[in-house]
Amino acid sequence: MLSSPYIAEQSSVSIIMLKVLAALVPGIAVYVWLFGPAILVTLTLASVTALVLETIAVRLRGWPAKPFLMDGSALVTAWLLALSLPPIAPWWLIVVGTFFAIVVAKHLYGGLGNNLFNPAMVGYAVLIISFPVQMTQWSAPLSLAGAHLSLLDSAQYIFTGILPDGLKLDAISSATPLDTLRTQLQLEHTVREITRLPIFGNLGGTGGEAVVLMFLLGGLYLWLARIITWHIPAAFIAGLWITGGLFHISDPDRYISPWFHLATGGVMLGAFFIATDPVTGATTPRGKLIFGAGIGILTYLIRTLGGYPDGVAFAVLLMNIMVPLIDAYTQPKVYGHKQKEPAE
Amino acid sequence: MTRQLYEFNGGVHPEEHKHASTSRPIGIAPLPRILIVSLRQHIGQPAKPIVAVGEQVLKGQMIGQAEGYVSVAVHAPTSGTVTAIAGHAAAHPSGLTDLCITIAPDGADRWIEHSALDYRNMDPSHLRNQLRDLGIAGLGGAVFPSFIKLNPGATQKVPTLVLNGGECEPWITCDDMLMRERAAEILAGAAVMRYMLHSDEVLVGIEDNKPEAIAAMQAAASQCDFPVEVVTVPTLYPGGGAKQLIKTLTGKEVPSGGRSTDVGVATFNVGTAYALHRAVNHGEPLISRIVTVTGNVHRPQNFEVLIGTPLAELVRLTGATRDDTSGYVMGGPMMGFDLISTDVPMVKATNCILVKSLALFPPPPPAMPCIRCTRCAQACPADLQPQELYWFARAKNFGKTQEYHLFDCIECGCCSYVCPSHIPLVQYYRYAKSEIWAKEKDKKAADLARERHEFRQLRIEREQQERAAKLALKASAKLAEASPESPDDAANAAKKAAIQAALERAKEKKEGVTPRNIENLPPEKLQEIAEIEARRAKIRAMAKDAVEK
């Protein structure tokens, strides 16, 4: 029999997930505008793959398919993964990544609400470890590219690997600012010299910094809509900025300004959309601060001292491992326990 | 003057629906055809019936007397004949019966002799006993015997007296209407409380969605011969919960497992103050209260209702039953519970009868997995982590639920209200609490059995020793015809006495263990506890028999 409360707020997992997707739209729009429509192909491919895999997984587990497909969580995973991958990567890369995200990271760990690791980041990590070459095929900003790919050309290239006649891959792709920075530093160039290269924009990368800004705005919307709290993004950004700042002060020629780190790669997407995944993140207010700060610091260390161009995914996964511990040790004081613990 | 207010964590803003029942004044419910007065009106021990079937009773006559410390008396709500003293469907969700005294009214409504109490010239403990015998218990929902709360105890005084006019639950307006219409009487009750507790300040906390009540109370306060501060508090459920209101008004937190007097605050519902006024200044016992009848009815309204009025007779006052009525809730939509039958009589705790329909209260969609979004934690006024409690309760990891302070949960329902996965969280907590109580009782029973077993072993051993000693004695007597009294006997007797004393001590300790956190429990929980206690007593009796056999 039902017991009280007999009333409930109008909310659902689907509504939350839809708002998350909506918050990504401005970033995607600017992405298309500045880097071409290829990202739409990968987003669609990832979405379809995720929904198909989710349906199969839910069916195999004997759960009702409809409510679990309608919850929208698979779509969010798919979009976050697609936005983390190079937009002109081959189709199978997307499919393999989505498979690891939805089937391995999510359903093998118990499905919605039970997975330990952020599914999109597991997908990303598998791909960057297994297919490092394909993972560097980023679209060049249209303002710097020698040629533009239409939507159909992009789809053709993604699915068949065939470019329109006379077009070379070099004309449409380029290394990311983070990659460029890493390789140029290895060539003993100083930060000042490196940032004169055209791929570097005002703060981050040409074009990329605008996309990052839109993700930041989308994230602020999520905060205002009370889908996320400020703790994880703020701690993430602060952790990255302070760590980066300390390195930068110690040697400005070798360590680039912390603002650059905020404006490049997956930081804003990671801070507002990925690290805030409630299932795999810390839940207590203090825990969220530790969790976010940990991701920020690790992201910087992996980017700067590690072997991979971007560190967000590994930082998130490493901190995911810590979540149960963090939560257990950061339980807030309960009403009536604040003055003193009663003698037991 | 504006007082600094404090904020408690969380809370929700459900739709209020209060206007439905505030457009009509408090109606006086006519005498029902039958009155069924439960002896379990209050928290603690039920009253003991002191009338017999067939006996004529007068209005206000005591028909059940307080039994044990936490208990108050129960009175006949009108004059008439006692027709039954038997179990009857009662106001708790389990549908269990309670011992009730049924009275057939004679229609004369003839009062027993009664007069005002000269409380200023009374011994305080005598005054408190009088209030117990007048049946005064908290009308805010917990129905805790007021005379216990009106004892300033060792500290001699409770500095802050708070009248709770928060009434934060949607739909309910009985306190609102009482404050609008009987403000002066409420403060007359507060005067007695203030006198008994030696309070320095009197605060009346009212949520800002009740401007009429605030105005009425302020007008009455200005006529008062002692300072009364009517404080407007923000409307935020469960801001009218005693712990939350104390936090809002004083910034203090009632310690876990403690009482509000631990922080120098006594809180009473405005209805209790009114009842106290009737008791002290008119000598009338608590035999009626204001009940909101609202929801799926034609004419929602508040009524002054005699305790014992059957649900059906009360609901009829608001018009014919609507076809789509799907049930009756006692209390509000956040913390109330379903009444299983329309025979259930009103009790002192009945603040509202909410008539349900599927249109007004649609069933929730099926529950989805918890995504740990922590909206529940953000809404929890007890600062708990409901998502963790849910996780542990579902896994039946009850030890962990206690570590995460399950028993500080006030079951306000905010977590369930906000949950996007529509998980009935409160139900999980109620389940976990009852499992823990049951386990605790089982453990006590097991302890008792073990104790019994050990005692038996001890006895057998002792008897063997005694037999051996006797045999040895006989043998030695045979050997040395006449020997003086053995010192062994004295030693044995001393040992026996020591063992007996230790056992008594252990037993006392065991029996001294009382359930904790029972202060704000719904009646069905108390019922459950009482049953388990009864079972324990039975087991103990059986154990005793077995030992004696």
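Just so you know, all these numbers are worked out from the coordinates, no wet-lab data involved. Small disclaimer: the values here were computed from a predicted structure and weren't measured. Don't worry about glycine lacking a Cβ; one is built from the backbone with ideal geometry, like all the others, and counts go over all protein chains shown.
Before moving on, here are some points about what is shown:
- The Rg/Rh ratio for region B:273-356 is 1.01, where Rg is the radius of gyration of the alpha carbons and Rh is the Kirkwood radius.
- Top of A:Glu188, A:Glu54, A:Glu209 by mean-square fluctuation, Gaussian network on chain A, Cα under 10 Å: A:Glu188
- In chain A, Cα pairs under 8 Å separated by at least six residues give a relative contact order of 17 percent.
- Aspartates and glutamates whose Cα lies under 12 Å from that of B:Lys538, excluding same-chain neighbours fewer than 8 positions away: none
- At R0 = 45 Å, FRET efficiency that the Cβ-Cβ distance of B:Lys157 and B:Gln218 yields, to 0.05: 0.95
- Of B:Lys443/B:Lys507; B:Lys59/B:Lys525; B:Lys210/B:Lys243; B:Lys149/B:Lys348; B:Lys149/B:Lys396; B:Lys18/B:Lys348, pairs whose Cα-Cα distance is over 26 Å: B:Lys59/B:Lys525; B:Lys149/B:Lys396
- Between B:Glu440 and B:His126, full extension at 0.36 nm per residue minus the direct alpha carbon distance yields a gain of 109.3 nm.
- Relative contact order of region B:5-147: 23 percent, from C-alpha pairs under 8 Å at least 6 residues apart in sequence.
- Cysteines not pairable in chain B (beta carbon separation under 4.7 Å absent): B:Cys100, B:Cys168, B:Cys174, B:Cys224, B:Cys352, B:Cys370, B:Cys373, B:Cys380, B:Cys409, B:Cys412, B:Cys414, B:Cys419
- For A:Asp165 and A:Leu203, the FRET efficiency from 1/(1 + (r/R0)^6), where r spans their Cβ atoms and R0 equals 45 Å, is about 0.75.
- With a Förster radius of 51 Å applied to the beta-carbon distance between B:Gln402 and B:Leu358, the computed FRET efficiency rounds to 0.85.
- Between A:Ser73, A:Ser174, A:Ser250, the residue with the greatest mean-square fluctuation in the GNM of chain A (Cα pairs under 10 Å linked by springs) is A:Ser250.
- Estimated inter-spin distance, B:His282 and B:Tyr431, nm [label 7 Å along Cα→Cβ]: 4.7
- Taking other residues whose beta carbon is less than 15 angstrom from the beta carbon of A:Ile16, and scoring Lys, Arg as +1 and Asp, Glu as -1, yields +1.
- Rg ratio for the protein assembly as shown: its Cα radius of gyration over 2.2 N^0.38 Å, N being its residue count, equals 1.23.
- Sorted by Cβ density within 10 Å, fewest first, the residues B:His198, B:His405: B:His198, B:His405
- Charged neighbours of B:Thr97, selected by a Cβ distance under 13 Å, balance to -3 (K, R count +1; D, E count -1).
- Remark: the A:Thr183-A:Phe99 segment gains 27.1 nm on full extension, using 0.36 nm per residue and subtracting the alpha carbon distance.
- For chain B, the mean residue ellipticity at 222 nm estimated from helices alone is -12500 deg cm²/dmol, where every DSSP H run of n ≥ 4 contributes -39500 (n - 2.57) and the total is divided by all residues, rounded to the nearest 500.
- In chain B, Cα pairs under 8 Å separated by at least six residues give a relative contact order of 16 percent.
- Residue with peak Gaussian network fluctuation, chain A [Cα springs, cutoff 10 Å], from A:Ser11, A:Ser84, A:Ser257: A:Ser11
- Summarising the label geometry, the points placed 7 Å from Cα in the beta-carbon direction at B:Ala84 and A:Met70 lie 4.7 nm from one another.
- Net lengthening on full extension, B:Ser326/B:Thr342 (0.36 nm per residue, minus Cα-Cα): 4.6 nm
- With each label modelled as a point 7 angstrom along the Cα→C-beta vector, the B:Arg535-B:His19 pair spans 5.0 nm.
- Over region B:122-284, the pair-distance histogram of Cα-Cα distances with 5 Å bins from zero comes to 2, 10, 20, 24, 22, 15, 6, 1, 0 percent, rounded to whole numbers.
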